[in-house]
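What follows is one structure encoded as structure tokens, with my remarks underneath.
Just so it is clear, none of the values below were taken in a lab; they were calculated from the coordinates. Here the structure is a predicted model, which is why all the values come from computation and not from measurement. Every residue, glycine among them, receives a Cβ derived from its backbone with ideal geometry; neighbour counts consider all protein chains shown.
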Amino acid sequence: MRGLVVTVALAVLPLTTVVAAADTTEDADGSWITLGRGISAEQRRQRVPVEETKGQLRALRIACDRGAPKIERVLVEYSDHQTEQLTVDARLAPDQPRTFALDGRRRVLVITVVSDPEQPGAYSLFGA
């Protein structure tokens, strides 16, 4: 299912669901699980469902793949349907990922990234 993108119209703003194959990336901080790779910032909202086996996340990383996309905020929906808003409000630069602490006690259901379509590019999401 790698690379499958399903577009869903939601009110006035389009919402895209990204499905990623399970793989990992290693860095100095340890092992990160790929939640979505090459996600376009040209749409205002991107919805990334988190597989049940990957849901207990203590951290979220967003990294620039192409261009310099501006990410406004990230919404993390947990299994109790509470949503945590992570304010980014910055353009991503290559080799400068942003990392956020999450409540590792609750399972993450969906991550929604809100970007500025006027600042195009692509990014990837990783969980740990």
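Details
- Top-ranked residue of segment 78-111 - restricted to ones that are among the hydroxyl-bearing types (Ser, Thr, Tyr) and surrounded by fewer than 17 Cβ atoms within 10 Å (Cβ to Cβ), ranked as nearest to residue 53 (Cα to Cα): 79
- Residue 117, sole failed condition from (1) surrounded by 16 or more Cβ atoms within 10 Å (Cβ to Cβ); (2) touching a residue at least 60 places away in the same chain (Cβ under 8 Å); (3) not polar (S, T, N, Q): (1)
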